[in-house]
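Okay, structure first, notes after.
No value in this document is a laboratory result; all are computed from the given coordinates. Here the structure is a predicted model, which is why all the values come from computation and not from measurement. Cβ placement follows ideal geometry from the backbone for every residue including glycine, while neighbour counts extend to all protein chains displayed.
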Amino acid sequence: MRNIAVELLEQRGVDLDALAELVLELQKPYDSSLTLDKCRESVRQVLAKREVQHAVITGITLDMMAEEGTLKEPLGEIVRENDRLFAIDEVLAFSIINIYGSISLSNFGYLGVERPKILVELDEAQQVNTFLDDLLAAIVAAACARIAHNARE
């Protein structure tokens with residue numbers, strides 16, 4: 001399952017190292033000894049969770065179906081247009097952040113407001129990324145939470 005989720009992410013142009021770099025940027029102020037390797041490992045560990053894999057596979061599949069026109073209407077149009085009142089994309093992302101607690105939730109909120117470069121680029125892409133952008137924010141937020149939890153031990 002993990003390989004399928006990672007392959008789908010890569011097919012959609014996601015660079016896992018870019019996610020790790022964002023984790024490093026967000027967590028470095030709290031842990032000056034943090035390395036990119038630790039951040040990569042944290043992203044890998046988040047992606048190792050079955051719930052995360054299912055969320056990634058579901059969200060990307062829905063994005064792809066909307067893009068291909070194979071998702072039933074009116075849902076296809078809602079997903080293609082990334083309707084602001086839809087919010088199911090965020091709900092799916094919550095299935096990831098809920099695994100990692102309130103630190104993950106606050107990081108997810110921050111990423112939603114600040115919209116770092118990697119998420120902005122998805123919005124500008126020539127493909128449907130309604131679910132993908134929130135899933136990536138959730139993966140980064142969860143990886144940050146893992147690091148924060150482990151630092152306290």
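For the chain, the longest principal axis of the alpha carbon atoms and the long axis of helix 16-27 meet at an angle near 50°. Length gained on full extension, Asp17 to Ile88: 22.9 nm, using 0.36 nm per residue less the C-alpha separation. Between Thr35, Thr61, Thr70, the residue with the greatest mean-square fluctuation in the GNM of the chain (Cα pairs under 10 Å linked by springs) is Thr70. Can you tell me the 0 to 90 degree angle between the C-alpha axis of helix 2-11 and the longest principal axis of the chain, rounded to 10? Approximately 70 degrees, to the nearest 10. Shape summary of the chain, radius of gyration then Dmax from alpha carbon positions: 15.0, 50 Å. Count the net charge of all other residues whose Cβ sits under 15 Å from the Cβ of Leu24, scoring Lys and Arg as +1 and Asp and Glu as -1. Around Leu24, the surrounding residues sum to -1.
The helix-only estimate of mean residue ellipticity at 222 nm for the chain, built from DSSP H runs of length n ≥ 4 each weighted as -39500 (n - 2.57), is -23500 deg cm²/dmol after division by the residue total. Restriction of the trypsin sites (Lys or Arg not before Pro) in region 48-100 to DSSP coil positions whose beta-carbon has at most 12 other beta-carbons within 10 angstrom yields Lys72, Arg84.
The relative contact order of the chain, computed from alpha carbon pairs under 8 Å that lie at least 6 residues apart in sequence, is 31 percent. Only lysine pairs 8 or more places apart or on separate chains count here, and in the chain those with Cα atoms under 22 Å apart total 4. Overall, the chain carries a charge dipole of about 680 debye about its Cα centre when +1 sits on the Cβ of Lys and Arg and -1 on the Cβ of Asp and Glu, all other atoms neutral.
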